[in-house]
Amino acid sequence: MRGVEVPRAAIAESREPPPARERAFMEFLMANEGDADVAGQVGEFLPDKVFAHDFTRRFVTVWRDGAAKGEDLFAGFADALDDSERGWFDAALLAAGRSQASGLKPTDILQEFVRQLWSDWLARVRGALPADGDDALAARRLKISMDLKRLGQVKWH
């Protein structure tokens, strides 16, 4: 999945809130802020490029930095947000305080987020490709479609 970049026009940079899956992921991170296993896997498997929304990328970066330093860096982050972003942040914070009683370990939940976020990214990359083009573009679209299918079927190791 490395080496393929999404054109900037395909990435949501508007005042619209982050996509629902990204909002749910931020809530999950807030609820599992002190979990070293979650922090390690987020750092290893979720580069910034998989997030469609700039706010999510910045949020996850602050979360990763805080986890690496063993500090809560969100106070400074929250103070620098505009009103819309502060609303998104507060919603994640509030939702994180609710019960996360699913019976699954946080790392199991994270693994499904990893799968879903990469699938979303691949779909954005495929959608950003021109509809018509040469054989190389058709081959790239086909490879991405196959990667999407494989990502949905593969078991986490």
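Of all residues in region 141-153, those satisfying the criterion of being open to solvent by less than 90 Å² (accessible area, probe 1.4 Å) and of a type outside the set (A, V, I, L, M, F, W, C) are ARG141, SER145, ASP147, GLY152.
Contact map, region 129-157: first residue touching a residue at least 12 places away in the same chain (Cβ under 8 Å) and closer than 26 Å to VAL114 by Cβ, second residue open to solvent by less than 60 Å² (accessible area, probe 1.4 Å) and part of a loop (DSSP other than H, G, I, E, B), Cβ cut-off under 9 Å, separation 6 or more or different chains; pairs are ARG141/LEU129; ARG141/GLY133; ILE144/VAL4; ILE144/LEU129. Summed over region 24-65, the residues that are of a type outside the set (A, V, I, L, M), in contact (Cβ under 8 Å) with a residue 12 or more places away in the chain and within 16 Å of SER119 (Cα to Cα) give a count of 6.
Residues are listed down the side, and each one gets a yes or a no for (1) open to solvent by less than 40 Å² (accessible area, probe 1.4 Å); (2) within 20 Å of the chain's Cα centre (by Cα):
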| residue | (1), (2) |
| --- | --- |
| VAL60 | yes, yes |
| ASP65 | no, yes |
| ASP83 | no, no |
| ALA92 | yes, yes |
| LEU110 | yes, yes |
| SER119 | yes, yes |
| ALA131 | no, no |
| LYS155 | no, yes |
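The values are calculated or read from the model by the stated rules, or taken from the named source; none is laboratory data. Small disclaimer: the values here were computed from a predicted structure and weren't measured. Glycine gets a Cβ as well: all are built from the backbone with ideal geometry, and neighbour counts include every protein chain shown. In case anyone asks, the SASA skips ligands and DNA or RNA and just uses the protein heavy atoms, side chains included. Shrake-Rupley method; radii C 1.70, N 1.55, O 1.52, S 1.80 Å.
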